[in-house]
Amino acid sequence: MRTLTFLAAALISGAAWAQTPPWHDLGRDATKAEVQAWDIDVRPDFKGLPKGAGSVALGERVWEAQCASCHGSFGESNEVFTPIVGGTTKADIERGRVKNLEPGSTFPQKTTMMKVATVSTLWDYINRAMPWNAPKSLKPDEVYGVLAYILSLSEVVPADFTLSDQNIADVQKRMPNRNGMVFHEPLWKVDGKGDVKNVACMKDCPTEATIRSFLPDFARDAHGNIQEQNRVIGPVRGADTTQPPPKAPVGSGPKPAAVVVAAAKPAGGDVKALLAANSCTACHGMAQKIVGPGFTEIAAKHKGKERLEAYLATKIREGGVGVFGAVPMPPQAQLSAADADTIAKWIAAGAK
């Protein structure tokens, strides 16, 4: 009897052990603070919106310092990105549908304020992604202010308005395209009928692909080596842009050796790591102009200038406009004086 009991217990425990997933003992539960840091999205019903308030005046100050270089002083610039403001009217605000989006419109370009339906989308995007070179650096009150400034430029709110978590729902009622969102019910139902019709090729299909667009050779390394800019966790998906593009389809040749990318270490005089960590290569190529001039172009223009390193360090930290055109460079206040000096010395030496 004891033997049978022992065997039964062993079988039960063995079955339970066999069903334990292999990842059972890996990792740990995220802490409340970690979840809170990740969970920053703001929904159209304003769930997730933090408390705060920002005036149009505050937003204008932040805008001029950190946003105007890409979007223009009044959100109308088309030099770097498409305009944010323009194309909406008071009549659009009244009916909640932008006339310039309707068939037959000859308006030259679709702006952000023409297309967006929910004010929460603007708040969420500014909060998580702006400014371009330092995302998530704005405080909630500054996000409210910047959004208030954008809304005032579109005449959704007056120039003396203060946007807050308490009145943003009322502002939503004045969004110019609030009634312009299209809801395709089949996309939300597993058994719904699709909203597109197409016939896939099932026989005698073309076997050769035709490339209709490609990245020109001079632009492959404009932002630095893409392979070195991936997350340090998981597979490396970026191409080695310091090498010529492949001639054969990707995956058709021998399997490449695994690449391990170390985390960037901006300190210690590693200039290219500093440039990548502070998003400098988003606007400046090594030799090519992107938004601003290439680093070698800057070095060539100022070659021989007295106290060049100090001049460049000041320009990097404080920003400027007019030296290379009308597009201003925003101040890079997040850089320490030591890091700015390191970059300045590198440029002064020829940016090589």
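The values are calculated or read from the model by the stated rules, or taken from the named source; none is laboratory data. Note that the coordinates shown come from a computational prediction; the quantities given were computed from them, not determined experimentally. In this analysis, Cβ positions are derived from the backbone assuming ideal geometry, glycine residues included, and neighbour counts consider all displayed protein chains. The protein model used for the area step is the full one, side chains on, heavy atoms only, and it has no ligands, DNA or RNA in it. Shrake-Rupley method; radii C 1.70, N 1.55, O 1.52, S 1.80 Å.
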So in the stretch 212-247, with the set limited to residues that are open to solvent by less than 100 Å² (accessible area, probe 1.4 Å) and among the β-branched types (Val, Ile, Thr), which one is modelled with the lowest pLDDT? 232
Meets criteria (farther than 19 Å from residue 46 by Cα and of a type in the set (D, E, K, R)) for residue 124: no
Count of the stretch 167-211 residues which are closer than 29 Å to residue 156 by Cβ, at pLDDT 75 or above and outside any helix (DSSP H, G or I): 11
Output the residues belonging to the stretch 273-297 that are part of a helix (DSSP H, G or I), more than 18 Å from residue 326 (Cα to Cα) and not hydrophobic (A, V, I, L, M, F, W, C). 281, 296
Determine which member of the set 77, 55 is touching a Gly at 6+ places or on another chain (Cβ under 7 Å) and of a type in the set (Ser, Thr, Tyr). 55
Tell me, which residue of the stretch 287-327 that is without any contact (Cβ under 8 Å) to a residue 60 or more places away in the chain and either in contact with a Cys (Cβ under 6 Å, 6 or more places away or on another chain) or among the acidic types (Asp, Glu) (or both) is most open to solvent (accessible area, probe 1.4 Å)? 306
